[in-house]
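Before any comments, here is the structure.
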Amino acid sequence: MSVQTEPRGMSEVRSPSSKLVVWMRKLSNSLARPLFAIILAMIAGTIVILITSPGSIVDRFANVSAAYSSLWIGSFGDPGNITYTLVRVTPLLLAGISVAIAFRVGLFNIGAAGQLAVGAMTAGIIGFKLSTWPSGLLVPTMLLGSMLAGAVWGGIVGLLKAWRGAHEVVTTIMLNWIAFYVTDYLIDGPFKAPNQANQTPSLPPQGTLPLVSKFYNQTLGTFLPMIGSPEQYPVDMGIFIALLALVIYWFLTRRTTFGYEVRVIGQNPQAAKYAGISVKRNIVVAMALAGAFAGLAGSVRLMGQFPYQLIGTTFSIDSTGFDAIGVALLGRTSAIGVLLGALLFGGLRQGGTYMQVNAGIPGDLVFIIQALVLFSIASEFLPAIRRSTARWTRRTIKPALVAPLIGDSTSVSTKEPLVKKTLSEDPIIVPEQTPEGTLNGNDASDESEQITPLDSGRPTPLPGE
Amino acid sequence: MFLQVLFRVLGSSDLWQSTLQFGALLLLPALGGVISERSGVVNIAMEGMMLTGAYAGVMVDLATHNVLLGVIGAIVAGGLMALVHAIVSINFKADQVVSGIAINIAALGLTNYLLFIQTQGQGVHSLTDNLRLPTLNLGPLANIPFLGPILFQQNIIVYVAVIILLAIQFLLFRTNIGLRIRAVGEHPQAADTAGINVRLIRYACVISSGMLAGLGGGFLSMGIAGIFNSNMTGGTGFIALAAMIFGKYTPVGTGLACLVFGLGEALSTRLQDTGFSPNLLSTLPYLLTLVALIGLVGRTVAPAADGIPYEPGTE
């Protein structure tokens, strides 16, 4: 992939003021594929509505516009709805980070759903057992407990991968269902609420996270204007935990040795091994971290939202763990991308329920849209189309000495004259262009981010096996 | 007390009858998984393909009042979902795991969406007896004590599943086509060099896997439940996935795994009065599969090229 970054390096060398241009190009490059995927999914959703709705063709188009406008209003249309969306964004962010960390090391964490269940259960158990503790002590204990439980659940996957080479997709699916059934057992057994079926009692009040609006009223609201009827804005303090987690994730992957090593492993485990990086240790650590974030997603949602209790058989039908895969893929595992992806998927889910109530179109439509987003992200429709158009429009035969190009790079490199490429390979220019970039992996990583998720589903051969 | 109940339950033909029934329900999608993965395409979308099959089967059945057409509808619907998986993962060289997840989400969304539109949110009624898949009753054989109801009084699909199991075992290991399928799954480059059409084989295998999963879904909705409910598969496709891995990607091994998992499922509902949690018993298939993966009882190894899109001209 190194070929791809070099033309950009060139422009940086050309003039310092073109940094903005480089940044813009990076942005548009990394936004193009997700945007294309979303547009494609929207078009497909339109077709589904057109086919399935009754009445004349005019009625059908009216249905489409009603659907999409209510989807928008229901998700980001007014402050109340935005807070409802944020409620859904919170666990998606945390679970999205979980999947993204695993992607970074080249693993596919389908187990976020199970790690989330285990985390929520652990937080619940701590809450019930230590219900006499003060809030300032109980809440952190519950959060840490859920992270620990998730880390164990994810760490098992890492251990099995590193120790026995067991494929993480299979082990995570198995562990998911084990988690679902064990939590169902605990909810309907030892921790069942008296005289209730299949649910635990509610958490003690000091084991819950307050709503942002109420918290504001109690603190800043004492000398600033108060928020009237705070229940209408039901987002809880968990959103700040999720945003903090996002910052930690960014720091972990961009500013620490761990992040660097993990990135190398994700790209080339063989090379990582020769560079003296312990692949096995990093796989276990990354999966444990992934599990910790997913576990946190479980506890934050349990503690943040009414009814503050665990209900049986909800985890196996909860889609957060799978949505998180879409979030991480859409966001290309970058922190800001995960945020945007979570906003999109959370908005779709919230808008979907609003749409069903207000436009009479089943909210399940958003599942179809989500699936199509995943399809197009996964199948590189964009590069595939580009590849085929390049085939039609190609005028010259590719020089034999140019390294084989994959994906996006085809179009980038065919536009660039060959001379530039040979220039950029000049040893005098190359070291100058990214002295710190190479160390932090800043420059190269942006390209690698786009590649990692798409390669990571393939079994990663461990060195020494 | 517990042992007493256990022995009483184990001695009843009712338990073994439903073991075979659950086993067959798992077997159909699991065999589909075997075929698909043997040809080198990861298929974790059996769940979604089953759900689509279950839905389409009931809807065609209700519309035409013909069970056979319902079954065909289920098979075709499963096959269509698989076709999407095939196009996306073979032609577009997509990540097969992501594609599988997308199929599962799409199936859930599509069936719920269409169910809502078609029935105005009311849901469908239970199928009347003449619209359900019939239970065969092989006359005097069915009257043999104990064994009769188990072996000779089963739903027609149970027998079909056993026949398909034997056919696929024969196909994979005794025929030229089977050799080609396995070659494509282990080393597509070599297979291509030998003149085998890698894409064609993979397409055929993925679509057959969807058709089998669709048939399994049809069995669930039209045979066992007699109704279609939202998300009625509830993880059956994933147990089938576990059975496939536990059975080491061979049809006969998968069949045995399905029997074990089927027994677990049948037991879990019957041991409830002993205070033994059915939920805990339900974890058994997954625990066993994990153990098999770790290699304590003979390690499970997937086909070498499983999950890797084929690029002609690469090493």
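The values are calculated or read from the model by the stated rules, or taken from the named source; none is laboratory data. Predicted model, so just to flag it, every value in this text is computed and none were measured. Ideal geometry is used to build each Cβ from the backbone, glycine not excepted, and the neighbour counts take in all protein chains shown.
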- Please verify whether region B:40-55 includes one or more residues that are crowded, with 19+ Cβ neighbours inside 10 Å, assigned to a helix (DSSP H, G or I) and free of Cβ contacts under 8 Å to residues at least 40 places away in the same chain. no
- Residue match in region B:300-310 (condition: closer than 14 Å to B:Gly23 by Cβ, surrounded by 19 or more Cβ atoms within 10 Å (Cβ to Cβ), of a type outside the set (Asp, Glu) and more than 10 Å from every other protein chain (Cβ to nearest Cβ)): no
- Message: Here are the criteria: (1) under 25 Å from B:Ile90 (Cα atoms); (2) within 11 Å of another protein chain (Cβ to nearest Cβ); (3) buried (at least 24 other Cβ atoms within 10 Å of the Cβ). Tell me which single one A:Gly331 does not satisfy.
- Response: (2)
- Working only within region A:23-60, note down all residues that are without any contact (Cβ under 8 Å) to a residue 40 or more places away in the chain and either among the basic types (Lys, Arg) or buried (at least 17 other Cβ atoms within 10 Å of the Cβ) (or both). A:Arg25, A:Thr46, A:Thr52, A:Arg60
- From B:Leu280, B:Leu290, B:Leu267, B:Leu284, which residue is surrounded by fewer than 23 Cβ atoms within 10 Å (Cβ to Cβ), more than 30 Å from B:Ile87 (Cα to Cα) and in contact (Cβ under 8 Å) with a residue 24 or more places away in the chain? B:Leu267
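Here's the yes/no breakdown for (1) surrounded by 13 or more Cβ atoms within 10 Å (Cβ to Cβ); (2) outside any helix (DSSP H, G or I):
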| site | (1), (2) |
| --- | --- |
| B:Leu133 | yes, yes |
| B:Ala142 | yes, no |
| B:Pro145 | no, yes |
| B:Gly148 | yes, no |
| B:Leu151 | yes, no |
| B:Val160 | yes, no |
| B:Ile164 | yes, no |
| B:Ala167 | no, no |
| B:Leu172 | yes, no |
- If we scan region A:158-166, do we find a residue that is closer than 15 Å to A:Leu116 by Cα, in a helix (DSSP H, G or I), more than 8 Å from every other protein chain (Cβ to nearest Cβ) and modelled with pLDDT of 90 or more? no
- Item | Those residues of region A:297-334 which are within 14 Å of the chain's Cα centre (by Cα) and within 26 Å of A:Ser213 (Cα to Cα), in sequence order | A:Ala297, A:Thr320
- Pair list, Cβ < 8 Å and 6+ apart or interchain, from region A:311-328 residues that are more than 11 Å from chain B (Cβ to nearest Cβ) and closer than 21 Å to A:Leu186 by Cα to residues that are at pLDDT below 90 and surrounded by fewer than 23 Cβ atoms within 10 Å (Cβ to Cβ): A:Ile311/A:Asn198
- Task: Could you tell me which numbered condition A:Pro234 fails, if it satisfies all but one of (1) away from chain B (no Cβ under 12 Å); (2) touching a residue at least 40 places away in the same chain (Cβ under 8 Å); (3) part of a helix (DSSP H, G or I)?
- Result: (3)
- Item | Residue among A:Ser229, A:Ser202, A:Ser278 that is among the small types (Gly, Ala, Ser), closer than 24 Å to A:Ala95 by Cα and out of contact with any helix residue (DSSP H, G or I) (no Cβ under 6 Å at 6 or more places or on another chain) | A:Ser202
- Item | Qualifying residues in region B:100-121 (those that are in contact with a Leu (Cβ under 8 Å, 6 or more places away or on another chain) and within 7 Å of chain A (Cβ to nearest Cβ)) - the one surrounded by the most Cβ atoms within 10 Å (Cβ to Cβ) | B:Ala102
- Task: Keeping to region A:131-170, report how many residues are more than 23 Å from the chain's Cα centre (by Cα), without any contact (Cβ under 8 Å) to a residue 24 or more places away in the chain and under 24 Å from B:Leu241 (Cβ atoms).
- Result: 3
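Listed here are the residues, each with its yes/no results for (1) among the aliphatic types (A, V, I, L, M); (2) touching a helix residue (DSSP H, G or I) at 6+ places or on another chain (Cβ under 8 Å).
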position	(1), (2)
B:Ser99	no, yes
B:Ala102	yes, yes
B:Gln154	no, yes
B:Ile157	yes, yes
B:Ala161	yes, yes
B:Ile164	yes, yes
B:His187	no, no
- Message: Being within 10 Å of chain B (Cβ to nearest Cβ) and not in a helix (DSSP H, G or I): is that true of A:Ala197 here?
- Response: no
- If we keep only residues of region A:179-202 that are aliphatic (A, V, I, L, M), at pLDDT 90 or above and surrounded by fewer than 24 Cβ atoms within 10 Å (Cβ to Cβ), then the residue farthest from the chain's Cα centre (by Cα) is A:Ala193
- Item | Those residues of region B:92-131 which are without any contact (Cβ under 8 Å) to a residue 24 or more places away in the chain, within 22 Å of B:Ala45 (Cβ to Cβ), part of a helix (DSSP H, G or I) and of a type outside the set (A, V, I, L, M, F, W, C), in sequence order | B:Gly109, B:Tyr113
- Hey, any hits in region A:252-259 for a residue that's closer than 25 Å to A:Ile126 by Cβ and touching a residue at least 12 places away in the same chain (Cβ under 8 Å)? no
- Hey, A:Met303 outside any loop (DSSP other than H, G, I, E, B) and within 14 Å of another protein chain (Cβ to nearest Cβ) or not: no
- Note on the structure: Inside region B:212-263, the number of residues satisfying the requirement of being more than 26 Å from B:Asp61 (Cα to Cα), in a helix (DSSP H, G or I), out of contact with any Lys or Arg (no Cβ under 9 Å at 6 or more places or on another chain) and among the small types (Gly, Ala, Ser) is 5
- Task: Would you check if there is a residue in region B:73-95 being more than 8 Å from chain A (Cβ to nearest Cβ), closer than 17 Å to B:Leu220 by Cβ, touching an Asp or Glu at 6+ places or on another chain (Cβ under 8 Å) and of a type outside the set (Val, Ile, Thr)?
- Result: yes
- Please state which of the following conditions A:Lys192 fails to meet, knowing it meets all the rest: (1) free of Cβ contacts under 8 Å to residues at least 12 places away in the same chain; (2) in contact with a Phe, Trp or Tyr (Cβ under 6 Å, 6 or more places away or on another chain). (2)
- Message: Yes or no: region A:304-317 includes at least one residue that is surrounded by 22 or more Cβ atoms within 10 Å (Cβ to Cβ) and either modelled with pLDDT under 90 or β-branched (Val, Ile, Thr) (or both).
- Response: no
- Note on the structure: If you go through A:Ile178, A:Ile187, the only one that is within 14 Å of another protein chain (Cβ to nearest Cβ), closer than 30 Å to B:Ile308 by Cβ and among the β-branched types (Val, Ile, Thr) is A:Ile178
- Filter region A:358-367 down to residues that are at the interface with chain B (Cβ under 8 Å from one of its Cβ atoms) and closer than 15 Å to B:Ser230 by Cα and give me whichever is farthest from the chain's Cα centre (by Cα). A:Pro362
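State the number of residues belonging to region A:348-381 that are outside any helix (DSSP H, G or I) and more than 13 Å from B:Phe116 (Cβ to Cβ).
Of the residues in region A:348-381, the ones outside any helix (DSSP H, G or I) are A:360-364, A:379-380.
Next cut, more than 13 Å from B:Phe116 (Cβ to Cβ) only: A:379-380.
Adding up the residues that qualify gives 2.
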